[in-house]
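Everything on this sheet refers to the single structure shown next.
Each value in this text was obtained by applying a stated rule to the coordinates, not by laboratory testing. Note that the coordinates shown come from a computational prediction; the quantities given were computed from them, not determined experimentally. Neighbour counts run over all protein chains shown; Cβ positions are idealised from the backbone, glycine included.
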Amino acid sequence: ATPTAILVGTGIGAEKGLLIKGGDVLETVHQLNAIVFDKTGTLTVGHPSVTDCLTFTSLNKQELLQLAATVESGTNHPLASAMVEAAQQQDLPLLKAQNFHTEGGLGVSAIIDKKTVLLGNQDWLSHHHIPLNHEILFQGELLTKAGKTVVYLALDGEIQGMIALKDSLRPDAQATVLELQKRGLEVILVTGDHPQVANAIATQLGINQVFAQIRPQGKAAIIQQLQQSKIVAMVGDGINDAPALAQANLGITLQGSTQVAIETADIVLMGNRLRDVVGAIDLSLATFTKIR
Ligand code: ADP
Ligand code: MG
């Protein structure tokens, strides 16, 4: 394409709510043959809410939620906000805590009342050598099979309970996936969440390639692997997606995403509508066929 055509394309992009960073971006768009989506905050709205609190010790549900909200108060992950909100709704004040720590794709920890509180997925607990018995694993599986994300809370090395959270799909997620598939693109889901949660979402959306329980660096490695045979776009919103957005031939993020995702991406969907990904592809096709 001529520089003028690219400028025109970029201008139309702005009208369509696409912030396109640089002239060569649209050229990459029309060469794409695979598009990888993050789950939380990308295919889903990213505002999960707490649906279940289960305790396995003398701790009651309120105490469990209060501890969870306190440990999460140092983070801005969507799951964190959901637990803080749930505690607020039940008028549970945050406790005094120190040494907040966040481990991307795993969970969080803090010291509360001289006790170490851990909150996160199964990997986060096994990382700290905290065993989960059959009963707990069984309960967790029931919840994940229902498409809920489950986090486990341990106090000084002992599991206390679990909290389940449910997020909803973006209203345009299904149409977006279908339109991309119609244009011959392979649509792939990659998430840090549990395989059962990932599969529940993929089935609803008609996505048949799923990578679950993937840490942030693992997301970038998957993109790299796909790039051996394909030109790959990544759509993501979180800090945990930034390495993958950078690795992809094309990084796409949404308005309202984490700052580092917005800085790393090549296209920002300014209207915060997932279906504008399709608009970007159509715009690129139009720009590059007009010239030839
Ligand atoms: P996604 O790839 O879907 O955006 P993340 O990589 O952010 O998800 O998180 C993957 C998993 O790691 C979550 O499903 C959760 O089990 C755990 N996790 C991440 N951050 C937190 C947190 N702040 N609190 C509890 N668990 C967390
Ligand atoms: Mg995300």
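Summing +1 for each Lys or Arg and -1 for each Asp or Glu, what net charge is found among the other residues whose Cβ lies under 12 Å from the Cβ of Leu106? Present the calculation step by step, with values, prior to reporting the outcome.
Details: positive: Arg215; negative: Glu103, Asp123, Asp193.
Neighbourhood net charge equals -2.
Taking packing as the residue-averaged number of other Cβ atoms within 10 angstrom, the listed peptides 213-220, 250-257 run from highest to lowest as 250-257, 213-220.
Rounded to the nearest 20, the Cβ-based charge dipole of segment 49-166 about its Cα centre (Lys and Arg +1, Asp and Glu -1) stands at 100 debye.
Can you quote the Å³ per residue value for the convex hull of the Cα atoms in segment 49-166, rounded to an integer?
Details: hull volume 10.8 nm³, N = 118.
In segment 49-166, the Cα convex hull volume per residue is 92 Å³.
What separates the Cα centres of segment 27-75 and segment 192-207 is a distance of 14 Å. Against the chain, whose longest principal axis comes from its Cα atoms, helix 78-89 is set at around 50 degrees.
A straight Cα-to-Cα reach below 20 Å connects Lys182 with the lysines Lys230, residues fewer than 8 places away in its own chain not being considered.
Antiparallel as a % of all DSSP beta bridges within segment 154-254, to the nearest 5? The partial results should precede the final answer.
On the way: 2 of 8 bridges.
For segment 154-254, the DSSP antiparallel bridge percentage is about 25.
Rounded to the nearest 10 degrees, the inclination of helix 195-205 to the longest alpha-carbon principal axis of the chain is 40 degrees. Largest GNM mean-square fluctuation among Ala154, Ala200, Ala34, using the chain with Cα springs under 10 Å: Ala200.
I need the peptides 133-142, 16-25, 112-121 ranked by packing, meaning the mean over residues of other C-beta atoms within 10 angstrom, with the highest value on top.
Details: 133-142: 13.0, 16-25: 16.8, 112-121: 18.5.
Final packing ranking: 112-121, 16-25, 133-142.
For the chain, the longest principal axis of the alpha carbon atoms and the long axis of helix 173-182 meet at an angle near 40°.
Give the shape of segment 164-240 as rounded, prolate or oblate, defined through the alpha-carbon gyration tensor: a ≥ b ≥ c are the square roots of its eigenvalues, a/c under 1.5 means rounded, and otherwise the shape is prolate if a/b is larger than b/c and oblate if not.
Values: a/c = 1.77, a/b = 1.06, b/c = 1.67.
The shape class here is oblate.
Put a plus charge on the Cβ of each Lys and Arg, a minus charge on the Cβ of each Asp and Glu, and nothing anywhere else: the dipole of the chain about its Cα centre is then about 620 debye. Rg/Rh, computed from the Cα trace of the chain with Rh as the Kirkwood radius, has the value 1.03.
Amide H contacts for Thr44 (H built 1.01 Å from N in the peptide plane; partners 5 or more residues away or on another chain; cut-off under 5 Å): Arg170. By the rule of a C-alpha distance below 16 Å, with chain neighbours fewer than 8 residues away ignored, the lysines paired with Lys148 are Lys39, Lys166. For the chain, averaging the sequence separation of C-alpha pairs within contact (under 8 Å, six or more residues apart) and dividing by the residue count gives a relative contact order of 25 percent.
Computed over the chain with a Gaussian network model linking Cα atoms closer than 10 Å, the most mobile of His129, His47, His30 is His129.
DSSP bridge analysis restricted to the chain gives an antiparallel fraction near 65%, rounded to the nearest 5.
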